[in-house]
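This report concerns only the one structure given below.
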Amino acid sequence: MKTRVHFHEKLNDLKMDVLAMGGLVEEAIGKAIHSLVRNDRSLAAKVIKDDEHINEKELVIEDQCIMLLATEQPVAGDLRLIISILKTIRDLERIGDYAAHMAKATVNFEAGSLTLHEDIFRITEVCVSMLKDTLKAFSSGDVDLAIAVKEQDDIVDSMYLQLFNEFLSDMKSDPFHIKQVSALLLVAKYLERLADHITNICEEIVFMCTGKRKDWAK
């Protein structure tokens with residue numbers, strides 16, 4: 001009995017580590033956008049440097065999961081939890097990469113050369129809110145919340161498409177600023193992609209809690 005109690009304590013520690021990693025990723029997104037807004041190269045450099053910590057966190061959690069799989073031979077819900085954690089940290093790591101890519105837009109351009117489009121702020125707000133709620137759903141096992149977050153991905157896709165069309169029009173009408181507008185378009189694309197990874201995590205939460213793979217295409 002003590003052995004199983006100790007095992008479940010380790011599982012709980014793993015969940016806490018995933019939430020801590022999620023917090024680092026959420027912080028990275030906010031700092032990346034702020035670095036763009038303020039043309040703060042120092043903050044951008046910190047986001048890029050701190051991405052290494054997120055990567056290291058992924059590897060540590062992955063090693064812990066593998067150790068538990070090898071030594072405890074978990075079944076049913078415990079096994080689903082570990083599998084879901086392995087997939088979740090991979091998506092969190094990718095989201096962290098996108099935050100670092102956004103920060104590089106600040107480093108690569110002269111101060112004042114980038115002016116963020118208002119809709120980029122809106123997409124960022126939606127993405128950060130999605131990530132917050134996803135981490136909350138992961139922590140509490142809230143399937144309904146995970147599904148609700150996943151459905152918000154359509155909002156991000158729609159906002160990105162609108163921005164894409166606007167930026168395309170801007171580049172045609174003002175070729176002199178193609179380089180700057182292209183950079184902003186990349187930032188918008190990174191946000192759209194990280195939202196996709198958030199929805200991946202939501203799918204894993206549903207599987208983790210129900211043991212079923214939902215057909216999201218329906």
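The values are calculated or read from the model by the stated rules, or taken from the named source; none is laboratory data. All of these numbers come straight from a predicted model, not from anything done at the bench. Here Cβ is always computed from backbone atoms with ideal geometry, including for glycine, and neighbour counts include all displayed protein chains. The area values use the complete protein model at the heavy-atom level, side chains included, leaving out ligands, DNA and RNA. Shrake-Rupley method; radii C 1.70, N 1.55, O 1.52, S 1.80 Å.
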Return yes when E56 is surrounded by fewer than 18 Cβ atoms within 10 Å (Cβ to Cβ) and farther than 17 Å from I198 by Cα and no when it is not. yes
Filtering segment 156-182 down to residues that are surrounded by 15 or more Cβ atoms within 10 Å (Cβ to Cβ) and within 20 Å of the chain's Cα centre (by Cα) yields V156, M159, Y160
State the number of residues belonging to segment 124-148 that are under 14 Å from the mean Cα position of the chain (by Cα) and open to solvent by 10 Å² or more (accessible area, probe 1.4 Å). 9
Check D78, D97 and return the single one that is surrounded by fewer than 21 Cβ atoms within 10 Å (Cβ to Cβ) and within 21 Å of C209 (Cβ to Cβ). D78
Restricting the first residue to segment 61-87 and requiring it to be in a helix (DSSP H, G or I), which pairs with a second residue that is crowded, with 16+ Cβ neighbours inside 10 Å and of a type in the set (D, E) meet a Cβ separation below 6 Å and a spacing of at least six or different chains? I61/D17; S84/E204; K87/E204
Flag for D91 being of a type in the set (D, E), in a helix (DSSP H, G or I) and within 13 Å of the chain's Cα centre (by Cα): yes
